[in-house]
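The values are calculated or read from the model by the stated rules, or taken from the named source; none is laboratory data. Treat the numbers as computed from the prediction; the structure is a model and nothing was measured. Cβ placement follows ideal geometry from the backbone for every residue including glycine, while neighbour counts extend to all protein chains displayed.
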Amino acid sequence: MFAVGNLISSATYSLVSLTVVERLDATPATFGLVLAGGAIGATLGSMYGDRAGALTRPGTALLWTTVVSGVATASIGWIDSVIALIAIDGFAVMTQAVIGVSLRTRLIPDRMLGRVTAVFRTLSTGASALGAFAGGSLAQAMGLSWPFFIGGAVAILLGPALFRWLSNSRVAAALPAGNPVSEEAA
């Protein structure tokens, strides 16, 4: 989930500056405002992501954050409100990270956590490099908006596909007994 998310983010975020300056005909300084919007959304997601997960349960929260991120990403391809969309995406992605990393920490036995985290980072970092290349190639071949459309569509489809493996019942069954989230997720 995170590797595909990083691939999509790198494919699209690597093109946000061009989108702002070329497609929206804004000044380069506007790009700073777009990044600030993303930072505000991500900060709010890091502050309140755990609450969103507690309200909806982990599997549901991961599903919806993936879909919301996909809709925001796809919308950047045709809607001019890039600052708001980047803020929404930042909130969704950071909420997903808070929930996902917390869940991974509870699910993986301590003796395996270092190895699992290393594999996670390797896949995520590799996907980021591949995403930047793919985004630039798609933009050159099909136009600047297409990486946003395609990346958003992939994320929107990824959410429900992943929910098979990350459903609340599967998460609850995998968590150790007595874990507060296992009672919430059931």
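Residues that are hydrophobic (A, V, I, L, M, F, W, C) and without any contact (Cβ under 8 Å) to a residue 60 or more places away in the chain were ranked within region 49-73; the one that is surrounded by the fewest Cβ atoms within 10 Å (Cβ to Cβ) is LEU55.
Please return the ranges of helices (runs of 4 or more DSSP H) entirely within region 1-77 where 1 or more residues are of a type in the set (D, E, K, R).
28-56
Whether a residue is surrounded by 19 or more Cβ atoms within 10 Å (Cβ to Cβ), in contact (Cβ under 8 Å) with a residue 40 or more places away in the chain, farther than 15 Å from THR65 by Cβ and more than 15 Å from the chain's Cα centre (by Cα) was assessed, and ALA139 passes this test.
Checked against the criterion of being free of Cβ contacts under 8 Å to residues at least 60 places away in the same chain and within 16 Å of the chain's Cα centre (by Cα), region 120-133 contains one or more residues that satisfy it. Return a yes/no flag: does region 104-118 have any residue that is touching a Pro at 6+ places or on another chain (Cβ under 6 Å) and farther than 18 Å from GLY5 by Cα. Looking through region 104-118, none of the residues is touching a Pro at 6+ places or on another chain (Cβ under 6 Å) and farther than 18 Å from GLY5 by Cα. Within region 145-169, the only residue that satisfies the criterion of being over 29 Å from TYR13 (Cβ atoms) and exposed (fewer than 14 other Cβ atoms within 10 Å of the Cβ) is SER169.
The single condition from (1) surrounded by fewer than 20 Cβ atoms within 10 Å (Cβ to Cβ); (2) assigned to a helix (DSSP H, G or I); (3) in contact (Cβ under 8 Å) with a residue 12 or more places away in the chain that ILE86 fails is (1).
Close contacts from region 163-186, counting a first residue that is at positive phi and of a type outside the set (S, T, N, Q) and a second that is in a loop (DSSP other than H, G, I, E, B) and modelled with pLDDT under 85, with Cβ to Cβ under 9 Å and a gap of 6+ residues or different chains, come to none at all. In a residue-by-residue description of region 30-46, the property of being out of contact with any Gly (no Cβ under 7 Å at 6 or more places or on another chain), more than 24 Å from SER102 (Cβ to Cβ), buried (at least 22 other Cβ atoms within 10 Å of the Cβ) and at pLDDT 90 or above applies to at least one position. Taking the numbered list (1) within 14 Å of the chain's Cα centre (by Cα); (2) touching a residue at least 24 places away in the same chain (Cβ under 8 Å) in turn, VAL101 passes all entries but (2).
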